[in-house]
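Q: Okay, handing you the structure first.
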Amino acid sequence: MDKPTRDDAWNLLNKYVQSDNLIKHCVAVEGVMRYLARKHEEDEEKWGVVGLIHDVDYQQYPDQHCTKVRDILEEQEWPEEYIRAVQSHGYSRVNDIEPQSLMEKSLFAIDELTGLVTATALVRPSKSVLDTKAKSVKKKWKDKGFSAAVDRDLIQSGVDRLGVELTELISDTIMGMRDVADEIGLKGEPQVE
């Protein structure tokens, strides 16, 4: 397969993932990856497909996360660049495949961050990412008890790899998630300012 499409990724994701929340997470990551690709004038389709498929092995093979994905994607004849990018988001937790390209570093940095943005949006009266602001997420970032499962050190490592400010990456993550707000259940009822 020369260049996997979104349909290829979507079909494969739905074959291996039954969890609605995990699918929403993958769509959120896809939205952010597409947003970042546009921002950096990169291949939006490639970045989006990588974002969408990044957790394809997580539900069925949690003990082999970021490892089993190689077998799954190779069986479908996916290009090495896509496989490596997906595997690299597990760097320092489940493997030693260090993110190198801008696409890999972006996926590594925003994967966990989408969880913090989601949690922040859900505690707002609107339950919407459409009116969630970076400063709100940053305030929740400092509260270690809030969404405690989110690995802030991992996100900070990703921010450092990208050479950006945390606030900028949070803003970019929010913007990317707004593009898919309806699909990820975060459209809510935004407050008019």
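Rule-based calculations on the coordinates, nothing more; no lab input. Everything quoted here is computed from the prediction, not taken from an experiment. With ideal geometry, Cβ positions are generated from the backbone for all residues, glycine too; neighbour counts draw on all protein chains shown.
Q: How do Thr5, Thr67 line up, fewest other C-beta atoms within 10 Å first?
A: Thr5, Thr67
Q: Post the alpha-carbon centroid distance, region 1-60 to region 96-113, in whole angstrom.
A: Answer, in whole Å: 14.
Q: Please arrange Arg178, Arg93 by counting, for each residue, the other beta carbons lying within 10 Å of its beta carbon, fewest first.
A: Listed from fewest to most nearby Cβ atoms, that is Arg93, Arg178.
Q: Which is farthest toward the positive dipole end of region 113-193 among Met177, Ala119, Leu162, measuring Cα position about the Cα centre, with Cβ charges +1 (Lys, Arg) and -1 (Asp, Glu)?
A: Selected residue: Ala119.
Q: Also, quick follow-up: Taking the beta-carbon count within 10 Å as an exposure proxy, list Val49, Val123 from fewest neighbours to most.
A: Ordered by Cβ neighbours within 10 Å, fewest first: Val123, Val49.
Q: Report the Rg/Rh value for the chain, based on alpha-carbon coordinates and the Kirkwood definition of Rh.
A: Looking at the chain, the ratio lands at 0.95.
Q: In nm, to one decimal, how far is the modelled label at Gln76 from the one at Leu22, with both set 7 Å along Cα→Cβ?
A: Here the modelled spin labels are 1.4 nm apart.
Q: Rounded to the nearest 20 Debye, what is the dipole magnitude of region 6-178 about its Cα centre when Lys and Arg each give +1 and Asp and Glu each give -1 at the C-beta?
A: Around 1220 debye, computed over region 6-178.
Q: Considering Cα pairs under 8 angstrom that are at least six residues apart, work out the relative contact order of the chain and quote it in whole percent. Write down the numbers at each step before the final one.
A: Values: 296 pairs, mean separation 46.3, N = 193.
Relative CO of the chain lands at 24 percent.
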